[in-house]
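Q: Structure in structure tokens, see below.
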Amino acid sequence: MNKLKEHRHFVIYKPYGYLSQFVNNQTKRTNKKLLGELYNFPENTMAIGRLDETSEGLLFLTTDGKTSEFIRSAKIEKEYYAQVDGKITSEAVEKLKSGVKIHIEGKKYNTKPCKAHALNKPPLLPERPKKIRDERHGPTSWVSITLREGKFRQVRKMTAVVGFPTLRLVRVRIGNVSIKNLKPGEVIEVNSL
């Protein structure tokens, strides 16, 4: 009798400076930090969606392709906090909400309408190991952006298009799961995602 293979699922706080992958397929820089350094993940574990090397925050991992496909779908919201260069204006936030034109793989793409609002004060997040910059270079502000899509470097491209380039990007929520009290590098195995 064959037993059905049980899938495993993980919630992690991806730290700044890590790639959202397990194998370094780069030939130039082979000293990259990979997710496998954080935990002894089972074989065939995959990141659900990605965060680029300089982005941080909530990341789901699974051994189940169907779970991965569902979470990457437009049914699940992904919320990001972006620290941007300058004091973001209500006009820029409205543009983000309506959708903006960005470039994906050399082609123009209109982002779908999303939720966005300026944060009145900086969110309570762990210190990032690499300093953003200091006040001498001008003010910064924070904006929350909630998407149901996930194009390559989308949030960074969106804030740049409206005139407020992203300095720090943290994914704080996927669906109903938030990073709450997770610390950078922390991994929690869960029964389901």
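The values are calculated or read from the model by the stated rules, or taken from the named source; none is laboratory data. Note that this is a predicted model, so its numbers are computed, not measured. Glycine also receives a Cβ, built like all others from the backbone with ideal geometry; neighbour counts cover every protein chain displayed.
Q: Somewhere in region 147-166, is a residue assigned to a loop (DSSP other than H, G, I, E, B) and among the small types (Gly, Ala, Ser)?
A: Within region 147-166, one or more residues are assigned to a loop (DSSP other than H, G, I, E, B) and among the small types (Gly, Ala, Ser).
Q: Now for a separate question. Examine region 86-108 for a residue that is of a type outside the set (S, T, N, Q), touching a Gly at 6+ places or on another chain (Cβ under 7 Å), crowded, with 17+ Cβ neighbours inside 10 Å and not in a loop (DSSP other than H, G, I, E, B), and state whether such a residue exists.
A: yes
Q: Further question on the same structure: Only residues that are of a type outside the set (D, E, K, R) and either over 23 Å from Tyr16 (Cβ atoms) or surrounded by fewer than 17 Cβ atoms within 10 Å (Cβ to Cβ) (or both): list them for region 65-85, please.
A: Answer for region 65-85, where residues must be of a type outside the set (D, E, K, R) and either over 23 Å from Tyr16 (Cβ atoms) or surrounded by fewer than 17 Cβ atoms within 10 Å (Cβ to Cβ) (or both): Gly65, Thr67, Ser68, Phe70, Ser73, Ala74, Ile76.
Q: Let me ask something else. Of all residues in region 37-64, which are within 17 Å of Gly17 (Cα to Cα) and either at pLDDT below 90 or in a loop (DSSP other than H, G, I, E, B) (or both)?
A: Hits for region 37-64 are Leu38, Tyr39, Gly49, Arg50, Leu51, Asp52, Glu53, Thr54, Ser55.
Q: Determine which member of the set Arg133, Arg128 is modelled with pLDDT under 95 and touching a Pro at 6+ places or on another chain (Cβ under 9 Å).
A: Arg128
Q: Based on what the data block shows, is Lys157 within 28 Å of Lys75 (Cα to Cα) and surrounded by 17 or more Cβ atoms within 10 Å (Cβ to Cβ)?
A: Judged against the criteria, Lys157 is a match.
Q: Using the structure shown, decide if Pro165 is at pLDDT 95 or above and surrounded by fewer than 16 Cβ atoms within 10 Å (Cβ to Cβ).
A: Yes: the conditions hold for Pro165.
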